[in-house]
Amino acid sequence: MSKHTDIIIIGGGIIGNATAYYLAKKGLSVTVLEASKDIGIGGSSRNGGGVRQSGRDTRELPLAMWGIKNLWPGLSEELGVDVEYIQKGNLRLGKTEAHQKILQGLTDKAVSCGLDVRMIDGDEIRAINPYLSDEVTCASWCPTDGHANPLTATLGYYKKARELGVRFITESPCFELRKIKGVIRQVVTPDAIYEADKILVAAGYDSRRLLATVGIDVPMKPMKMECLVTEAEPPMFLQMLGTAEADFYGHQSKHGSFVFGGSSGLEPFNKDNGTPISSSIGASCTCRGIMKYFPALADAKIVRAWAGWLDDCADKVPVISPVEEVPGLYIACAFSGHGFGIAPAAGYNIAEMMVDGQSIIDLSALRYDRFKPKQ
Amino acid sequence: MKSINDRSQDIGPFVSQTDDGVIICRCEEITKGEIRQAIHDGMFTVNEIRRYLRSGMGLCQGQTCGRLVKNIVVQELDVIPAQLDPATSRSPMRPVEMKVLGNEEVTHV
Amino acid sequence: MKRYDLIVVGAGPSGLSAAIEAARCGLTVAVFDENAKPGGQLFKQIHKFFGSKEHQAKIRGYKIGETLLSEADAVGVKVFLNATVSGMYMDKEILVRRGDAMEHCKADAIIIATGASENMVTFDGWTLPGVIGAGAAQTMMNLYSIQPGQRVLMLGSGNVGLVVSFQLMQAGCEVIALVDASPRIGGYGVHASKIARCGVPFYLSHTITKAEGPDCITGVEISQVDDHFTPIPGTQKHFDVDTICMAVGLSPMSQLLKMAGCSMIDDPRRGGQVPLVDENGETSIPGIFAAGDVSGIEEASSAMIEGRMSGLSAAAYLGFLSEKDKDSSLNELEVALNSLHQGMFAPGSKGKAFTKTDEGIAVSQSLLKKGYLDEADIARFNHFDKKSGVHPVIECTQNIPCNPCQDACPKDCIKIGKTITALPRIDADSTCTGCGMCVASCSGQAIFLVDEDYEPGYASITLPYEFLPRPQKGDLGTALSRSGQPLGVAEIIDVRSAKAFDHTTLVTMKVPVAQAMTARFYKREAQRAEL
């Protein structure tokens, strides 16, 4: 088989898979190189499944809104895999005046971008979700937000892209990118050198090491975050939930299990042993956070907890960008823990950008060269 | 040795078998046929199948079906068992109520 | 944070053995086990163990468990029960569920001895209630005194399947058949013979093709399989059963090790996913050890030795034991372990088909296919020149590591020699007094006392009997052949039990002299009151 395709994507996560799918749909030949043994084993399948617009930075909000309007509703049908997309709103919860302030600030910014989101009080919150404790006094409410299944969405894009002829190679860690005559051309792996006219680096935090091989940097750091899942429970509510304090977030999945993420506050300092191993305190801490909001879940059994690395960007917003300094090179990384919900839109727009030179949504605020030192 | 890394390789068409209806993952009620179909959808590893179908994600965490799923992949892809990693192991090793898991003595890490 | 020198996860044979050795060296040791009772599988093992004295041969598993527990107690090991280790994290930390709270504990060394879980095979209806693991059946019977069912079909002829089949019968169940896809019985021939002589048929090269029943098991269909283990159409057989027991192997419960980041390998010879360990049981993470079934499926005797080795290694790792002392202790244990790893059933012999014993005698094919020795086998293996009077007949024809019979005889009638796997020989110069110690000491219940001259025309046969109720002197019942076929009336002429026999009753029956070398079991006739 030829080692040359029109495009190489480095990273078999949801960004890589979705981009591969939209590129293949346009008729391009694509190779996806995945370093690990499994497709979608990184953050793509370790996140809490939020498909949110509210709470986002205004620079990425247009992409989120466009995806929710244009891609998510028909995604299961398009991929032939149930991605379990539920659009029943997002409640971002608060209990204190400080929380109220944080939520109000986020809400004001989103409204300015045209998002339907507003602050609601305790009574209205419990009218939407009667299981919430009385401690919850305020929330931002965005009725067009929702959630989906990150596992089937990631693998659904993979399945569909593969059907369209995209070549996926796993266990293919990339050592370096190489330019030929000033233009990006090759990807060096232990087994082969792959060639393409254009290359997308969508390898999470590992993108930083790869980009360095052609002299490009994205300021980000890895951060280990944790999630957990309960056994299946009777259906309780359909909203996506978050909190002002970010002590937990999550939803009830179609399967009935609750998927929650949370933070202990020590995440920036978490260590690992080369694998995203759970910490001994993360799941317990998240449980306490959840029970403060949902006393009714106290008896729900946790069946599994896991950790994953975020590619945490210096300004908490992704880099989705062509790299003019290295012609033919594109970057999609630094999603900072909120990439899942915008992944379809990102994949679609990156494909547009790579083929037509112009994405539908203006992504110039997400350029790789936006990071400037203090003046 | 045949590699499973090239996901474009031809593994032949999906041909239904008489025992496709047998349940393999009891917790999530996933059948052999569903697992075989997932392999033909491109899910070549135990982790991918697990994430695609939920096999091994139930209360027993794959204690019973892990081995069975692996054997199906071995058969379907005609590879040797050592080429396939078992699914990831995750805490808690046994299901535990949220109120219990949250009830820890919090100490210095 | 609770801290110990050593944490052991799992209070089974290997975990307790490890803890005891480490505590003896001066370590503070905590053992955590999720079960309500310690001892792992030992307390379900009501049969006598094989091996030699140092392996606690001829002692019943639960007794070994009791001894381990009292030793652990004596050396100050803290055993926490109902204590589920929920995860193993970085820096040798575990999170333990105890009651309705979680406890964090750290240690400078951790030994994982979590054992194994039962494998399943699938067939139509395998998820119906009534399909259980053999280990589960053993738990029900021997820990909770619950009969798993009335009519049981056992799948799997390894030692677990054989031993549990016997225990099912002891618990009053009827074992309808023993089925295995392999063309040969996988476990010890002596275990198979115990079942065969009760009349249980073996179906080798067969597998279950269907479990029948609307919402629980009412029957089972088995079929013969071809060389590729595929069922052959038209060979179906049906049995009415209410329980199907599966003894189709074990998988190491190595999840904690994997979670903690220890390097793992898939090794079919060791039962599946196991940690990479060095000769002392140390994993790829310094200070984390694995012992017992979790590092490769074997049996309890090996697990105890491996446990002791890892306990000593942990002690040395933490400076409680000099390298020199460690090495000398480990060498001794290595020798003991190696002696268990010999013979036809040694880990290295898996899958090998032996045609001859170490002594050069052709192995019994009947034993491998049907579970009992045929007459030609008996002739081949019995070199005893019959003198008048009572004498032992030893029907032990496979090279297995076991020698209690040699020590049992006060007259030194029985010789095995230094090689623990050698077949026992009867010393023609010694005089048998008929004391029965050999009969009771044989863990395989393969020794009988025969007296062809008991009465004119009648022989007496003394056999080991482990069923209740015991026959009474004067009872009339049926003598059964090695295959469980009724041979005729047998009269009980003696029933002996003694502390030294350890619950094995010696039953002596009188049969026509022609049956002296064919009758090997006694079937009680139902007493009037039971009818």
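With the structure loaded, tell me whether A:VAL303 is facing chain B (nearest Cβ under 7 Å) and of a type outside the set (Gly, Ala, Ser) or whether it fails that test.
Working: facing chain B (nearest Cβ under 7 Å): yes; of a type outside the set (Gly, Ala, Ser): yes.
Yes.
The single condition among (1) modelled with pLDDT of 95 or more; (2) out of contact with any Asp or Glu (no Cβ under 8 Å at 6 or more places or on another chain) that C:THR478 does not satisfy is (2). Check the range A:55-67 and report whether any residue there is at pLDDT below 95 and either under 14 Å from A:TYR158 (Cβ atoms) or β-branched (Val, Ile, Thr) (or both). Checking the range A:55-67: at least one residue is at pLDDT below 95 and either under 14 Å from A:TYR158 (Cβ atoms) or β-branched (Val, Ile, Thr) (or both).
Restricting attention to the range A:273-287, which residues are more than 7 Å from chain B (Cβ to nearest Cβ), part of a helix (DSSP H, G or I) and either among the small types (Gly, Ala, Ser) or free of Cβ contacts under 8 Å to residues at least 40 places away in the same chain (or both)? I'd like the intermediate steps shown before the answer.
The first filter runs over the range A:273-287 and keeps only residues more than 7 Å from chain B (Cβ to nearest Cβ), leaving A:273-277, A:279-280, A:282, A:285-286.
Now drop any that are not part of a helix (DSSP H, G or I), which leaves A:282, A:285-286.
Hits for the range A:273-287 are A:GLY282, A:CYS285.
Of all the residues in the range C:75-97, those that are under 23 Å from C:LEU27 (Cα atoms), touching a strand residue (DSSP E or B) at 6+ places or on another chain (Cβ under 6 Å) and either surrounded by fewer than 24 Cβ atoms within 10 Å (Cβ to Cβ) or charged (D, E, K, R) (or both) number 8.
Table: residues versus (1) in contact (Cβ under 8 Å) with a residue 12 or more places away in the chain; (2) of a type in the set (A, V, I, L, M).
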position: B:ASP6; (1), (2): no, no
position: B:PHE14; (1), (2): yes, no
position: B:MET43; (1), (2): no, yes
position: B:MET98; (1), (2): no, yes
position: B:LEU101; (1), (2): no, yes
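Condition (residue is within 23 Å of A:SER321 (Cα to Cα) and of a type outside the set (Lys, Arg)) applied to the range A:71-78: is it met by at least one residue?
yes
Restricting attention to the range A:198-209, does a residue exist that is part of a strand (DSSP E or B), in the same structural domain as A:SER321 (by TED's automatic domain parsing) and of a type outside the set (A, V, I, L, M, F, W, C)? Within the range A:198-209, one or more residues are part of a strand (DSSP E or B), in the same structural domain as A:SER321 (by TED's automatic domain parsing) and of a type outside the set (A, V, I, L, M, F, W, C).
Let's see how each residue does on (1) more than 8 Å from chain C (Cβ to nearest Cβ); (2) closer than 16 Å to B:ARG26 by Cα; (3) hydrophobic (A, V, I, L, M, F, W, C):
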{"position": "B:ASN47", "(1), (2), (3)": "yes, no, no"}
{"position": "B:LYS70", "(1), (2), (3)": "yes, yes, no"}
{"position": "B:VAL73", "(1), (2), (3)": "yes, no, yes"}
{"position": "B:SER91", "(1), (2), (3)": "no, no, no"}
{"position": "B:VAL96", "(1), (2), (3)": "no, no, yes"}
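For the range A:191-206, indicate whether the set of residues that are facing chain B (nearest Cβ under 9 Å), in contact with a Ser or Thr (Cβ under 8 Å, 6 or more places away or on another chain) and not aliphatic (A, V, I, L, M) is non-empty. The answer is yes; a qualifying residue exists. Taking first residues from the range C:228-251 that are basic (Lys, Arg) and partners that are modelled with pLDDT of 95 or more, the Cβ contacts under 6 Å between residues at least 6 apart in sequence or on separate chains come to C:LYS237/C:ILE222.
Screening the candidates C:PHE289, C:PHE320 for the property of being over 30 Å from C:CYS216 (Cα atoms) and in a strand (DSSP E or B) yields one hit, C:PHE289. Residues that are within 23 Å of A:LEU366 (Cβ to Cβ) and buried (at least 17 other Cβ atoms within 10 Å of the Cβ) do occur in the range A:222-233, at least one of them. Of the set (1) surrounded by 21 or more Cβ atoms within 10 Å (Cβ to Cβ); (2) outside any loop (DSSP other than H, G, I, E, B), all apply to B:GLY33 but (1). Each residue in the range A:9-30 was checked for being within 14 Å of chain B (Cβ to nearest Cβ) and either touching a strand residue (DSSP E or B) at 6+ places or on another chain (Cβ under 7 Å) or closer than 16 Å to A:SER172 by Cβ (or both), and 9 of them qualify.
Of all residues in the range C:51-94, those satisfying the criterion of being among the β-branched types (Val, Ile, Thr) and more than 14 Å from chain B (Cβ to nearest Cβ) are C:ILE59, C:ILE64, C:THR67, C:VAL75, C:VAL77, C:VAL79.
Within the range B:15-30, the set of residues being within 13 Å of chain A (Cβ to nearest Cβ), at negative phi and not in a strand (DSSP E or B) comprises B:CYS27, B:GLU28. Could you say whether any residue in the range A:41-55 is over 24 Å from A:VAL259 (Cα atoms) and either not assigned by TED's automatic domain parsing to the domain that holds A:LEU211 or not in a loop (DSSP other than H, G, I, E, B) (or both)? Within the range A:41-55 (the criterion being over 24 Å from A:VAL259 (Cα atoms) and either not assigned by TED's automatic domain parsing to the domain that holds A:LEU211 or not in a loop (DSSP other than H, G, I, E, B) (or both)), the answer is no, since none of the residues qualifies.
Let's see how each residue does on (1) part of a loop (DSSP other than H, G, I, E, B); (2) surrounded by 13 or more Cβ atoms within 10 Å (Cβ to Cβ); (3) among the hydroxyl-bearing types (Ser, Thr, Tyr); (4) at negative phi:
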residue: C:SER329; (1), (2), (3), (4): no, yes, yes, yes
residue: C:GLU334; (1), (2), (3), (4): no, yes, no, yes
residue: C:GLY351; (1), (2), (3), (4): yes, no, no, no
residue: C:GLU359; (1), (2), (3), (4): yes, no, no, yes
residue: C:LEU367; (1), (2), (3), (4): no, yes, no, yes
residue: C:ALA376; (1), (2), (3), (4): no, no, no, yes
residue: C:GLY389; (1), (2), (3), (4): yes, yes, no, no
residue: C:VAL393; (1), (2), (3), (4): no, yes, no, yes
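The values are calculated or read from the model by the stated rules, or taken from the named source; none is laboratory data. Please read these numbers as outputs of a predicted model, since none were measured by experiment. For neighbour counting, all protein chains shown are included, and Cβ atoms are generated from backbone atoms with ideal geometry for every residue, glycine included.
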